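To start, the structure under review is shown below, and the notes come after it.
Only the coordinates and a few stated rules stand behind these numbers; no lab work does. What you see is a predicted model, and the numbers here were worked out from it, not measured in a lab. Don't worry about glycine lacking a Cβ; one is built from the backbone with ideal geometry, like all the others, and counts go over all protein chains shown.
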Amino acid sequence: MMQLYIANKNYSSWSMRPWLVLKAFELAFEEIQLNFPCERGEGDFKQRVLEINPNGKVPALLDRGRLVWDSLAICEYLAEQYPEQALWPRDAQQRAWARSISAEMHSGFTDLRSLCGMNIRANLAEVGAKLWQEHAGLRQDVARIEQIWATRPTVGGFLCGEFSIADAFYAPVVTRFMTYALPVSAESQQYMQLVMQHPAMQAWMQAALQEPMWVNYLEPYQSQV
Ligand SMILES: N[C@@H](CCC(=O)N[C@@H](CS)C(=O)NCC(=O)O)C(=O)O
C-alpha cells in the first residue's frame, strides 16, 4: 500500500494537498504523520523525514519502493497511476487551466503564504484585519485568488466542475481565509463553503482540531495559554 508522510494537520498546508486527493478519490494509503517540534530544530522531526526523503520535507509518498516528494509531483504521480479516475479534469482545456492554477498556487502567493500561515484551529480575525490594512501584496494575492475562483466553469461548483487536484491546491487557502477572516466576496465564500463541506476536507479539519501539539515557530501571532 502507498505510504504518505505528512506533518501536523493543523499547520502543514503542503501535506494537506496530496492527502485530500488520496482521500477524495478513495485511493488506499497509509498515513504516517511526523509532527513538527515545538521549537525549531528540536526533537527528531528532521531526522525522521531525512530517513525517507533526502530533501528533508513532507509531504513524501512511497509507492512500491518509489519515492515521490513535493505536493505537486505527488499529485501528478497519482494522476498518472490512476488514469481511470479524473484527478485532473478529463477535458483538455479544463486540464490545462487546472494545471496552470495549481502551479500558480505552488510557486506563488508568497505574501498570503508568509503572512497568513495555515492554522486551522486559530481565530486570527483581528490579526487578519491588521495585515489586510498594512500589506498591499496580501490584498493583491487575495484578489488574484478570487479572480481564479470566479473563473470556474460552473457557478456553485468546484474549480473544474468536479473536485480535482486544483481544489486540493486551493483548500489550504480556504482555511487561511477563514482563520484570518479575510474580506472576500459572497461568491468566494460560496466556493469556500463547498470545499469545507467536502468529506475529505471535513476529515482533515476534524483531525486538525483534535491535535494538541503547539508549534511555537508557526504561531507568530499568539502565545500558548
Ligand atoms: N514545495 C514543497 C514544500 C514542502 C514543505 O515546505 N514542507 C514543509 C511542511 S508543510 C516541511 O517539510 N518543512 C520542514 C522543514 O523545512 O524542515 C511541496 O510542495 O511539497
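Descriptive notes on the structure:
- Max mean-square fluctuation residue, GNM over the chain, Cα-Cα springs under 10 Å, options GLN206, GLN93, GLN85: GLN93
- Here the chain is scanned for GluC sites (Glu not before Pro) in DSSP loops (not H, G, I, E, B) that have at most 15 other Cβ atoms within 10 Å, and the longest stretch holding none of them is 85-225.
- Inter-part distance, segment 112-151 to segment 170-225, computed on C-alpha centroids, equals 12 Å.
- Rounded to the nearest 20 debye, the dipole magnitude of the chain is 160 debye, with +1 charges on Lys and Arg beta carbons, -1 on Asp and Glu beta carbons, and the Cα centre as origin.
- Rounded to 5, the percent of DSSP beta bridges in the chain classed as antiparallel: 65
- Segment 1-52: trypsin sites (Lys or Arg not before Pro) in DSSP coil with no more than 14 other Cβ atoms inside 10 Å: ARG40
- Percent RCO, i.e. relative contact order, over the chain, from Cα pairs under 8 Å lying at least 6 residues apart: 26
- Among ILE120, GLN133, TYR221 - extreme Cα towards positive end, dipole of the chain, charges at beta-carbon: GLN133
- Inter-label distance, ARG90 to GLN140: 4.0 nm, where each label sits 7 Å from its Cα along the C-beta direction.
- The trypsin sites (Lys or Arg not before Pro) of segment 72-136 meeting both criteria, a DSSP state outside H, G, I, E and B (loop) and at most 12 other C-beta atoms within 10 angstrom of the site's C-beta, are ARG90.
- As a proxy for reagent exposure, VAL195, VAL58, VAL127 were ordered by neighbouring Cβ count within 10 angstrom, fewest first; the result is VAL127, VAL195, VAL58.
- Gaussian network model of the chain, springs between alpha carbon atoms under 10 Å - residue of GLY41, GLY56, GLY157 with greatest fluctuation: GLY41
- Lys, Arg +1 and Asp, Glu -1 on Cβ, resulting dipole of segment 75-205 about Cα centre, debye, nearest 20: 200
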